[in-house]
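The structure appears below as structure tokens.
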Amino acid sequence: MNRNIEVAILDDHPMVLEGLGNMLAAATGITLSGAYLDGKDLMYGLQRSLPDVLLLDIQMPDKAGDDRIQEILKLYPGLKIIALTNIDAPLYVHNMLRLGAEGYLLKTVAPGQLIESIKTVCRGGRVIDPLLEDRLQEFRGKMKRETYLKPRLTQREGEVLQYIADGCSSQEIAEKLFISIRTVEYYRFNILLKMDVKNTAMLIRKALGMGLVR
């Protein structure tokens, strides 16, 4: 790629957004095309200027990462997405890659490694944070040994599933169950994986068909 790589960022923390923006603006071969604090502004910004790469925070208040990436890639299938997050659970890595992300990096990643990762995905490669590679392989090995033909939900997963079917947001579920939003989203990802579906709409439809929710 002879021209500069255009990169956009979605993150709901202003200091993180500013820091990433300044770093990318100073990098050789990179142009910062947009920095967004919420999903609504991101979707509007993508309409005006589509970048080559999107650095996506998957733990946003308004929408979970699995729903967000599918919404984006449905409209812009050629966009390269790197999940940039504090969540170090291999389940999240597996699901984001399964849904179309080209990379998964922790926010502790070194600046030089982030820049190189952006260039790698533009060349058609895939990047995973070195701290997560071994854990992801162990997770995938465990998946191969287990059978997911029939969902075996825990009692708490069943409760979360019912609340999802009732139309509750992650924030509302967290308040009802007295747990953190991060824990709710972990349950969401786990349920999607066990039910072998890609989004909330498919999850609810399948759960209703199997009699798992009312």
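The values are calculated or read from the model by the stated rules, or taken from the named source; none is laboratory data. Please read all numbers here as calculations on a predicted model, not as lab measurements. Positions of Cβ are backbone-derived with ideal geometry, glycine not excepted, and every protein chain shown enters the neighbour counts.
Here are the numbers:
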{"item": "Hits in segment 1-33 (condition: more than 25 Å from Gly78 (Cβ to Cβ), of a type in the set (D, E, K, R) and exposed (fewer than 14 other Cβ atoms within 10 Å of the Cβ))", "result": "Glu18"}
{"item": "Residues satisfying the stated conditions in segment 151-171, i.e. in a loop (DSSP other than H, G, I, E, B) and surrounded by 16 or more Cβ atoms within 10 Å (Cβ to Cβ)", "result": "Pro151, Leu153, Cys168, Ser169"}
{"item": "Failed condition for Lys142, given (1) more than 20 Å from the chain's Cα centre (by Cα); (2) touching a residue at least 12 places away in the same chain (Cβ under 8 Å)", "result": "(2)"}
{"item": "Filter result for the condition that a residue is in contact with a Pro (Cβ under 9 Å, 6 or more places away or on another chain), at pLDDT below 95 and surrounded by fewer than 22 Cβ atoms within 10 Å (Cβ to Cβ), over Arg145, Arg135", "result": "Arg135"}
{"item": "Flag for Leu55 being over 15 Å from Leu84 (Cβ atoms) and either touching a Leu at 6+ places or on another chain (Cβ under 8 Å) or not assigned by TED's automatic domain parsing to the domain that holds Tyr92 (or both)", "result": "no"}
{"item": "Some residue of segment 34-41 being under 20 Å from Cys122 (Cβ atoms), out of contact with any Gly (no Cβ under 7 Å at 6 or more places or on another chain) and either outside the structural domain of Ile72 (by TED's automatic domain parsing) or surrounded by 20 or more Cβ atoms within 10 Å (Cβ to Cβ) (or both)", "result": "no"}
{"item": "Among residues of segment 59-84, those that are at pLDDT below 90 and under 21 Å from Gly19 (Cα atoms), counted", "result": "3"}
{"item": "Some residue of segment 152-166 being modelled with pLDDT of 90 or more and within 30 Å of Leu24 (Cβ to Cβ)", "result": "no"}
{"item": "Inter-residue pairs, beta-carbon under 9 Å, first free of Cβ contacts under 8 Å to residues at least 40 places away in the same chain and in segment 173-186, second basic (Lys, Arg) and not in a loop (DSSP other than H, G, I, E, B), 6+ apart", "result": "Ile173/Arg188; Ala174/Arg182; Leu177/Arg156; Ile179/Arg156"}
